[in-house]
Amino acid sequence: MTLEDFQNISYDNQQEQLYYRGSLLANRYEENFIYLLYALDSFYVELQYDSLRNRLLRLSAFYSTDLLLPYLPLLPDDLLQELD
């Protein structure tokens with residue numbers, strides 16, 4: 001699946017694809033928010049949860065490794081070597 005394919009399916013189907021096919025790479029916390037980073041085929045997906053309201057706020061899919069910066073300290077060394 002390409003990023004474009006992913007973006008063209010329904011929101012519910014996007015979540016299903018992450019659940020069955022995505023690989024959780026890292027999670028991080030900011031104030032009341034939990035961010036989860038997934039790898040899905042050749043792109044990344046970030047989920048933002050509101051921990052107080054227990055709901056998903058945002059799902060963002062991207063190719064750019066620049067958007068991985070907040071996760072770099074949390075990623076395993078072997079994955080970081082692949083990104084170089």
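The values are calculated or read from the model by the stated rules, or taken from the named source; none is laboratory data. Note that this is a predicted model, so its numbers are computed, not measured. Note that we place each Cβ from the backbone using ideal geometry, even for glycine, and neighbour counts take in every protein chain shown.
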Selection count where residues are more than 15 Å from F33 (Cα to Cα) and assigned to a helix (DSSP H, G or I), scope the range 55-77: 9
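For the range 37-46, state whether one or more residues are at negative phi, without any contact (Cβ under 8 Å) to a residue 24 or more places away in the chain and part of a helix (DSSP H, G or I).
No, that holds for no residue.
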Residue check for N27: more than 15 Å from the chain's Cα centre (by Cα) and of a type in the set (S, T, N, Q): no
Residue within the range 25-34 that is farther than 15 Å from M1 by Cβ, of a type in the set (K, R) and surrounded by 14 or more Cβ atoms within 10 Å (Cβ to Cβ) present: yes
Find all pairs meeting these conditions: Cβ atoms under 9 angstrom apart; at least six residues apart or on different chains; first residue within the range 51-63 and farther than 15 Å from F6 by Cβ; second residue surrounded by 11 or more Cβ atoms within 10 Å (Cβ to Cβ) and not aromatic (F, W, Y). S51/I34; L56/Q15; L56/L47; L56/Q48; L56/D50; L57/L47; L57/Q48; L57/D50
Would you say E31 is on the phi > 0 side of the Ramachandran plot and out of contact with any helix residue (DSSP H, G or I) (no Cβ under 9 Å at 6 or more places or on another chain)? yes
Pairs returned, first residue in the range 1-27 that is more than 22 Å from Y71 (Cα to Cα), second residue that is of a type in the set (D, E), beta-carbon separation under 6 angstrom, 6 or more apart or interchain, are M1/D41
Give the residue that is modelled with the highest pLDDT, with candidates limited to residues of the range 6-50 that are closer than 22 Å to L75 by Cβ and small (G, A, S). G22
